[in-house]
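The values are calculated or read from the model by the stated rules, or taken from the named source; none is laboratory data. Note that the structure is predicted; figures quoted are calculated from it, not measured. Here the Cβ is made from the backbone with ideal geometry for all residues, glycine too, and neighbour counts use every protein chain on show.
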């Protein structure tokens, strides 16, 4: 067989192997919830969360907001199925917020939980289409009378 053909086949195999390795090591980001990130078993790996924005402290760089985990509907494959739900602060230091980012919007955030800051530091935010969540805002908890 011609040496050039063998070299091309070897280079192609190496490129495919490198692409698959990159895909499996970088693309396997798991979904987590706030309680899972603060439980002590979280190892600092990059994760995703599906959340609803409940309060916005700052719309400027960094964007700081409070969010709650979204409870899955009837889909058993939903990221939070059977997991504890909670709330927490999110800090997004990106330069531009996605279109549709507002109070009560549903979003997927990706990043790491920073124990020192006590917040999830997002490097990527993607909002869901408003038609998927409008009218599904979670009401605030009732205010209890003082004892």
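If you take the residues of the range 57-85 that are under 14 Å from residue 103 (Cα atoms) and loosely packed, with under 15 Cβ neighbours inside 10 Å, which of them is modelled with the lowest pLDDT?
First, the residues of the range 57-85 that are under 14 Å from residue 103 (Cα atoms): 57-59, 63-68.
Now drop any that are not loosely packed, with under 15 Cβ neighbours inside 10 Å, which leaves 57-59.
Values: 57: 93, 58: 88, 59: 84.
Among them, the one singled out is 59.
Of the residues 100, 118, 94, only one is under 23 Å from residue 30 (Cβ atoms) and either at pLDDT below 90 or in contact with a helix residue (DSSP H, G or I) (Cβ under 7 Å, 6 or more places away or on another chain) (or both); which?
The match here is 94.
Among the residues of the range 20-40, what is the count of those that are modelled with pLDDT under 70 and more than 21 Å from residue 110 (Cβ to Cβ)? If you could, list the steps in order and put the result at the bottom.
Step one: of the range 20-40, the residues modelled with pLDDT under 70 are 20-28.
Checking which are more than 21 Å from residue 110 (Cβ to Cβ) leaves us with 20.
Residues in the range 20-40 being modelled with pLDDT under 70 and more than 21 Å from residue 110 (Cβ to Cβ): 1 in total.
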